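The values are calculated or read from the model by the stated rules, or taken from the named source; none is laboratory data. All of these numbers come straight from a predicted model, not from anything done at the bench. Virtual Cβ from ideal backbone geometry, glycine too; neighbours counted across all protein chains shown. Accessible surface is based on the protein model in full, side chains and every heavy atom, while ligands, DNA and RNA are left aside. Shrake-Rupley method; radii C 1.70, N 1.55, O 1.52, S 1.80 Å.
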Amino acid sequence: MHDQIHPPHRLLMGPGPINADPRVLRAMSAPLVGQYDPAMTGYMNETMALYREVFRTANEQTFLVDGTSRAGIEAALVSLLEPGDRVLVPVFGRFGHLLAEIAERCAAEVHTIEVPWGEVFAPEQIEAAVREIRPKVVAVVQGDTATTMCQPLADLGDICRRYGALVYCDATASLGGNDFRTDAWGIDVVTAGLQKCLGGPSGTAPITLGPRAVEVIEARRHVEAGIRDDGDVARGRRIASNYFDLAMIMDYWGERRLNHHTEATSALYGARECARLLVAEGLDAAVERHRLHGAAMLAGVQALGLSVFGNLDHKMHNVVAVCIPEGVDGDRARAGMLEDYGIEIGTSFGPLHGKVWRIGTMGYNARTDAVLVTLAVLEQVLRAAGASPTPGAGVGAAREVYADV
């Protein structure tokens, strides 16, 4: 007979997931109600309104895709793309490659441009590629946790509109902790996840769809047999996935409440609380909180003698990648932090695997005590591995950043 689960206490200071805000976990423990209960549909409407504020948009079609952040990505791309459509993906880290792969699985004609990991694209680089390729969709990541870089997006909407392209952005790693302005930047579709700066558990993907994207998706609208009525006329090529069919999901969240799936009630409670807390704090205040604690962590690791990977002018606020010192066993050091101190940090993927540690300061863990404790423990682990950091230097440097506020 199995016992109840009893996870060990961890301070999750890696690139995500992070410790969920206790208020989010409490919200998720609320009683279930039926999917068409007025209380439930009311919570759905409130969640839509809250995420309009989080995404900084007036888009009517702003709701949740039930699934991890990758579910949101797949829903966006499979609903926008038909076989043979051209897609441009600017790749500056692991998750650009993911967008390209998902677009390929949609049978799109995928084009990529690349810069070295640790760099980002200039607007003119993207514009030159859009001018040459003339894609239907430009699919881009804002913050790539594999490299910690944050791609500037302010010019992208104007560029794509000049050439008739839609812009899709995966903001999973960045939303809530870095400036993001859906409407002001002209982004047509944005998806995210809860497990980073939004301070919740993985398993829900907020999404917002602008009018141009809605028009494309509505042109492929097919209502399932058994729930359609005489006015539901099939349009265009049917979206290849049933579960990720955004045309049907829009009908489920909209006034018709056409059944598509049974909404994940507890997950919706959590997603609503994530957005409620963020809106109550204020988006600008939340971004500044992530900037402050990210700056403190950056100063701390540098004071410990660690080199930082990538172009610091374009680093996300909420995660830093530090080069593992020569002679230090990176995996063993990470294991020591976890086993001896209960603190988790990450390594990276691909060309950076085993070469950097990634340390996050995001969501509920973007706070002073989490930063200072992590730096103090990192100093001890470095010393145990044979390095010689200046005693107290990391914590001292971080405290200086806090003192300047």
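From the gyration tensor of the Cα coordinates in segment 157-269, what semi-axes in whole Å does the equivalent ellipsoid have, largest first, with each one equal to sqrt(5λ)?
Semi-axes (√(5λ), whole Å): 27, 21, 10.
Per-residue counts of other Cβ atoms within 10 Å, averaged by peptide: what ranking do you get for 296-307, 168-179, 384-395, highest first?
Values: 296-307: 21.9, 168-179: 27.5, 384-395: 15.7.
Taking the mean over residues of other Cβ atoms within 10 Å, the ranking is 168-179, 296-307, 384-395.
Any chance you could give the angle, 0 to 90 degrees and rounded to 10, that helix 368-384 forms with the longest Cα principal axis of the chain?
Around 50 degrees separate the two axes.
State the Cα centre-to-centre distance between segment 190-227 and segment 75-137 in whole Å.
Using only Cα atoms to place each centre, the spacing works out to 19 Å.
Taking 0.36 nm per residue of sequence separation and subtracting the Cα-Cα distance, how much length would be gained by fully extending the chain between Glu53 and Arg105, in nm to one decimal?
15.5 nm
Which lysines, on any chain, are close to Lys196 with Cα under 18 Å apart, when same-chain ones fewer than 8 places away are left out?
Hits, sequence-local ones excluded: Lys315.
Go ahead and run the numbers for FRET between Tyr36 and Arg212, Cβ-Cβ distance against an R0 of 30 Å, rounding to 0.05.
Values: r = 31 Å, r/R0 = 1.04.
So the FRET efficiency works out to roughly 0.45.
Taking only protein heavy atoms into account and a 1.4 Å probe, give the accessible area per residue of the chain in Å².
42 Å²
Taking the simple approach of a point 7 Å from Cα along Cα-to-Cβ for both Leu338 and Leu312, what is their distance in nm?
Between Leu338 and Leu312, the label points sit 3.0 nm apart.
Report the gain in length on full extension from Asn45 to Ala384: 0.36 nm times residue separation, minus Cα-Cα distance, nm rounded to one decimal.
Contour length minus Cα-Cα distance gives 116.7 nm.
Hey, any idea what % of segment 1-146's accessible area is carbon plus sulfur with a 1.4 Å probe?
Carbon plus sulfur share of accessible area: 52 percent.
Helix 265-281 versus the longest principal axis of the chain: what is the Cα-based angle in degrees, 0 to 90, to the nearest 10?
Its long axis makes an angle of about 60 degrees.
Report, as a whole number in µm² per second, the diffusion coefficient that Stokes-Einstein gives for segment 243-282 at 20 °C and 1.002 mPa s using the Kirkwood radius over alpha carbon pairs. Mind showing how you got there, number by number?
Numbers: Rh = 11.6 Å.
In µm²/s, the coefficient rounds to 185.
At q = 0.13, 0.15, 0.23 Å⁻¹, what log₁₀ I(q)/I(0) does a Debye calculation on the Cα points of segment 61-130 give, no solvent, two decimals?
Those come out to -0.42, -0.55, -1.04, one per q.
Heads up, I need the accessible area for Glu82: 1.4 angstrom probe, whole protein in place, Å², nearest 10.
Rounded to the nearest 10, the figure is 50 Å².
7 Å from Cα along Cα→Cβ at both Cys323 and Glu288: what's the point-to-point distance in nm?
Simple spin-label model gives 3.5 nm for this pair.
Over segment 114-191, what relative contact order in percent results from Cα pairs under 8 Å that are six or more residues apart? Working shown, then result.
Values: 106 pairs, mean separation 24.5, N = 78.
The value is 31 percent.
Per the Kirkwood formula on distinct C-alpha pairs, the Rh of segment 249-376 is how many angstrom?
17.2 Å
Please work out the Kirkwood hydrodynamic radius for segment 324-368, using every pair of different C-alpha atoms, and report it in angstroms with one decimal place.
By the Kirkwood definition, the hydrodynamic radius is 11.5 Å.
At each listed q (0.10, 0.17, 0.18, 0.23 Å⁻¹), what is the log10 of I(q)/I(0) that the Debye formula gives for segment 70-195 modelled as equal alpha-carbon point scatterers?
Scattering profile of segment 70-195, log10 relative to I(0): -0.25, -0.78, -0.89, -1.57.
Size of segment 269-326 along its principal axes in angstrom, Cα-based, largest extent first?
The Cα atoms of segment 269-326 stretch 46, 20, 19 Å along their principal axes.
So how do 28-39, 225-236, 124-135, 246-257 stack up, highest first, on mean other-Cβ count within 10 Å?
246-257, 124-135, 28-39, 225-236
Write down the percent of antiparallel bridges among all DSSP beta bridges whose residues are both part of segment 110-201, to the nearest 5. All intermediate terms of the calculation are to be shown ahead of the outcome.
Details: 2 of 11 bridges.
Here the antiparallel bridges make up roughly 20 percent for segment 110-201.
Please give the calculated 222 nm ellipticity per residue for the chain, where each DSSP H segment of at least 4 residues contributes -39500 (n - 2.57) and the sum is spread over every residue; nearest 500 deg cm²/dmol? Provide the component values of the computation, followed by the final result.
On the way: 14 runs with 165 residues, N = 405.
So the helix-based figure for the chain works out to -12500 deg cm²/dmol.
Which whole number in µm²/s is D for the chain by Stokes-Einstein, with the Kirkwood Rh taken over Cα pairs at 25 °C and 0.890 mPa s?
Details: Rh = 22.1 Å.
The diffusion coefficient I find is 111 µm²/s.
Which FRET efficiency, nearest 0.05, do Gln4 and Arg131 yield, Cβ-Cβ r, R0 60 Å?
0.55
Can you tell me the order of 47-53, 112-118 when each peptide is scored by its average per-residue count of other Cβ atoms within 10 angstrom, highest first?
In decreasing order of mean packing, 47-53, 112-118 become 47-53, 112-118.
Rounded, prolate or oblate: pick one for segment 305-382, where a ≥ b ≥ c are the square roots of the eigenvalues of its C-alpha gyration tensor, a/c under 1.5 means rounded, and failing that, prolate if a/b is larger than b/c, else oblate. Present the calculation step by step, with values, prior to reporting the outcome.
Working: a/c = 1.65, a/b = 1.02, b/c = 1.62.
Cα axes put segment 305-382 in the oblate bin.
Considering segment 1-129, what Rg and Dmax in Å follow from its alpha-carbon atoms?
19.9, 62
On C-alpha positions alone, give me the angle between the axis of helix 94-105 and the longest principal axis of the chain, in degrees, nearest 10.
20 degrees
What does the extension gain come out to for Glu119 and Ala154, with contour length at 0.36 nm per residue minus their alpha carbon separation?
So the chain would gain 10.9 nm between Glu119 and Ala154.
Taking Cα pairs under 8 Å and at least six residues apart, what relative contact order does the chain come out at, in percent?
22 percent
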